[in-house]
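Below is one structure, written out as structure tokens; the observations come after it.
Laboratory data are not the source of any read-out in this text; all were calculated from the coordinates shown. Owing to the predicted nature of the structure, the values given are computational and were not obtained by experimental measurement. Neighbour counts run over all protein chains shown; Cβ positions are idealised from the backbone, glycine included.
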Amino acid sequence: MSRGERAKEYFLQGYACSQAVALAFSDLLGVSEEEIIKLTLPFGGGMGRLRLTCGAVSGMAFVIGGVVAKGKNDKENKKKVYETVQTLCKKFQEETGSLICAELLSGTNATSLGEAEPRTAEYYKKRPCAELVFLAASILEEYFK
């Protein structure tokens, strides 16, 4: 199973976009799935359901931080991490037209604040999120090859 398929499966199990992408790379991160779930939850819904940066994109950045970033304030490593995130984001944006959750959900009646919609078959039909987490994880998987 590809990382993209794994991320999509996690999303369809009810995980946020950020969690789904990060969980698909849990074996590379060196932390438990429970920690990944906790640490990436705030990035879901475009940062706490504010519909800002797409959670799938934030999940990509989280994985790059966990795999590429060093645990010290190293100027060259910081540059490499930022450049990597920018490259991956550019690929995502070229495919989708945006990095912004609200723009990606345009036309779906998704709201930013308030209660989250129940994850029903209808919810999954009208939202591109499952395909977005698939794309983000696939971009990351290609990067790591």
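Peptide packing: for 47-58, 90-101, 120-131, the average count of neighbouring Cβ atoms within 10 Å per residue gives the ranking 47-58, 90-101, 120-131, highest mean first. Once the Cα-Cα distance is subtracted from the 0.36 nm per residue extended length, the ASP74 to THR108 segment shows a gain of 8.0 nm.
Principal-axis analysis of the Cα atoms of the chain puts helix 75-96 at an angle of about 30° to the longest axis. The relative contact order of the range 3-144 comes to 32 percent, based on Cα pairs under 8 Å that sit 6 or more residues apart. Shape analysis of the range 1-102 places it in the oblate category; the axes a ≥ b ≥ c from the Cα gyration tensor give an a/c of at least 1.5, with a/b not above b/c.
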